[in-house]
1. Explain nothing, just the number: dipole magnitude of region 18-89 about its Cα centre with +1 on each Lys and Arg Cβ and -1 on each Asp and Glu Cβ, in debye rounded to the nearest 20.
2. Would you work out which of 23, 85, 38 lies farthest towards the positive end of the dipole of region 18-89, given +1 charges on the beta-carbon of Lys and Arg and -1 on that of Asp and Glu, about the Cα centre?
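Readers should treat all values here as calculations from the given coordinates under stated rules, not as data from a laboratory. Bear in mind that the values here come from a model prediction, so they are computed numbers and not experimental data. A quick note on method: Cβ atoms are made from the backbone with ideal geometry, for glycine too, and the neighbour counts reach across all protein chains shown.
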Amino acid sequence: MKAPKPGIADADRPRGGPFAELVEQILHDPSALDALAFAYSELGTEGRRGLIRAVVQDVSDPGHALGALLAVESDTSVAADLAGLLRQHGHTESFATLERRPGGGEACLIRPRFGFARELMRITWNHNQITGIEIESRAEMKFAASGTRSSVANAIAALAPLLWRHIRAGGALPEGVERFAGFFSVA
């Protein structure tokens, strides 16, 4: 009789090895995200817990994978464990980039989305007038944040007066802009 092969959680794998590379593909490949979620949802409770342990053990930044697993988890006990691991291992920091040019500039507000990398809102302006407001989710990948990483406070200080003028002049805001409202809230 052949000895059973070890499960994913029992295998002796190096941190950052092929399994980690496979899981990290969810950041760049929507089909990898779908495959991970589908494979996870097909496992029994112990198999799902084992996969969670393997992700935490092997992946250097497991937050996105844990978020993807949480999105399809139906067992409240396992979901609670995943939420705790996300608080421990997930990076929920929002950040910004800011580029000032003579007469204009560009700022990106970047917020994390567990399991879906990041979401960006890019605002460009010229001569104190907004020339563009775009929102990019992970699935679209139309542009990337440019400029120098900046504190959120500096980016908001540059954007708030521009947005105020834009809105008062009847300027349109794109669908989804409400997801970035937290950047402008006063603590």
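1. 220 debye
2. Looking along the dipole axis, the top candidate is 85.
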